[in-house]
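The values are calculated or read from the model by the stated rules, or taken from the named source; none is laboratory data. Here the structure is a predicted model, which means the values were calculated and not measured. All Cβ positions, even for glycine, are placed from backbone atoms using ideal geometry, and neighbour counts span all protein chains on display.
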């Protein structure tokens, strides 16, 4: 988005940038469904991006600091387009910023996995591996969406997700197959976070409708590829999946863990304290 | 009506716009200008493709492009952010690669389509300082979203590598 304040153009000139397909979707599809879907995807990206950004200036190594911030930026980039798309389709006067900064916790639609606290470096990496193993095949499939904006965001995201997975998988292998201490921490992180991966594959009536319309991705169909890729990484990392039946869920209905509240308090503070403030 | 002379003028204007994070390279050489349509009536549309979804330079580049086109005499400017097809380093021109090298940044090695997922870079990266191929990766992520950090084992200098995506 061009900031008119910073523009040397004549006052009153509208920003000239357009992303042609934002705010339009497939004829015959209920726009409210696409709004809800774009919010789910946008919130997953936004909240994980915010979590990763919390490592800024305190990662274990400077190279990791840079890497985690790069991941974070990619996710924020996706979130911006997805939330703008939702806002334009909804047409109720909101924009990407008000959706990100002025909603309360019960209105967020991200999965619980992405809001889990960073913990130690092993927990951050396990959370990232679980997300990336899902996200790469998801973005590949979404690139064929009948909704042109979703397809365009995904086509861009595929390359980034592949790069993210390479980073997170290599680090998990290094931690798991590393020292006794790094192995212990990586296994503990996996035990704690693996149950949260199930929610990534959950679907509901809304997504079923969008799958039929060629807009949404059939998450359940991605499960075999996720399982296969994760198993290969864990084998090399000498880690084992926990055998628990626990499947925490609720993020898509706005039922979040306490951790999201603290994340939002930090992320939204500026806009809440100084409404409509701009750079 | 498209006007070839006006389009030529638009392309020349866009060649004066640089990525603020890679000031050696015009956005034309970077391969992010995907299309230009200009008419004799002062209207122009340029399609620009962001390098990365969250690249902080995207807005600045779009603004600079609009300013350059207005300065070149176009009264009605539209900049379209084209996400699809996604930008690839394969679109960096030969002149762009040469300029990267001169700036001490190793241009992307090989072609994006041949990248393996979980392996390190398939092609070897040549040191932009001494030309040695005896180099190693220090970090997969570098000073900007589009770069990784490498080091030469011969001249021992660290250098930026433009990631191949």
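I'm trying to understand the selection: among the residues of segment A:141-151, which are within 14 Å of residue A:88 (Cβ to Cβ) and within 11 Å of another protein chain (Cβ to nearest Cβ)?
A:148, A:149, A:150
Out of A:213, A:197, A:162, which single residue is touching a residue at least 40 places away in the same chain (Cβ under 8 Å), in contact with a helix residue (DSSP H, G or I) (Cβ under 7 Å, 6 or more places away or on another chain) and crowded, with 17+ Cβ neighbours inside 10 Å?
Answer to the selection: A:197.
Could you tell me which residue of segment A:27-64 is surrounded by the most Cβ atoms within 10 Å (Cβ to Cβ), considering only residues that are facing chain B (nearest Cβ under 9 Å) and over 14 Å from the mean Cα position of the chain (by Cα)?
Filtering first and then ranking leaves A:64.
Taking into account only those residues within segment B:106-119 that are assigned to a loop (DSSP other than H, G, I, E, B) and at pLDDT 80 or above, which is nearest to the other protein chains (Cβ to nearest Cβ)?
Filtering first and then ranking leaves B:108.
Please work out which one of (1) touching a residue at least 12 places away in the same chain (Cβ under 8 Å); (2) within 14 Å of chain A (Cβ to nearest Cβ); (3) closer than 30 Å to residue B:125 by Cα is the condition residue B:103 fails and give its number.
(2)
Pick out the one residue from A:207, A:236, A:199 that is modelled with pLDDT of 95 or more and under 30 Å from residue A:63 (Cα atoms).
None of the others qualify; the one that does is A:236.
Residues are listed down the side, and each one gets a yes or a no for (1) touching a strand residue (DSSP E or B) at 6+ places or on another chain (Cβ under 6 Å); (2) closer than 30 Å to residue B:5 by Cα; (3) at pLDDT below 90:
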{"site": "B:75", "(1), (2), (3)": "no, yes, no"}
{"site": "B:88", "(1), (2), (3)": "no, yes, yes"}
{"site": "B:93", "(1), (2), (3)": "no, yes, no"}
{"site": "B:97", "(1), (2), (3)": "no, yes, no"}
{"site": "B:121", "(1), (2), (3)": "no, no, yes"}
{"site": "B:133", "(1), (2), (3)": "no, no, no"}
{"site": "B:139", "(1), (2), (3)": "yes, no, yes"}
{"site": "B:145", "(1), (2), (3)": "no, no, yes"}
{"site": "B:160", "(1), (2), (3)": "yes, no, no"}
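Can you pull out the helices (runs of 4 or more DSSP H) entirely within segment A:68-180 that have at least 3 residues that are under 18 Å from the mean Cα position of the chain (by Cα) and closer than 22 Å to residue A:220 by Cβ?
A:112-115, A:121-142, A:148-176
Go through (1) within 14 Å of chain B (Cβ to nearest Cβ); (2) under 23 Å from residue A:65 (Cα atoms) and name the single condition residue A:185 misses.
(1)
In segment B:63-86, how many residues are touching a residue at least 60 places away in the same chain (Cβ under 8 Å) and within 11 Å of residue B:50 (Cα to Cα)?
0
Here's the yes/no breakdown for (1) at pLDDT below 95; (2) away from every other protein chain (no Cβ under 14 Å); (3) surrounded by 14 or more Cβ atoms within 10 Å (Cβ to Cβ):
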residue: A:12; (1), (2), (3): yes, yes, no
residue: A:16; (1), (2), (3): yes, no, yes
residue: A:103; (1), (2), (3): no, yes, yes
residue: A:110; (1), (2), (3): no, yes, yes
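Among the strands (runs of 3 or more DSSP E) contained in segment B:1-99, which hold 2 or more residues that are buried (at least 16 other Cβ atoms within 10 Å of the Cβ), within 14 Å of chain A (Cβ to nearest Cβ) and under 16 Å from the mean Cα position of the chain (by Cα)?
B:43-48
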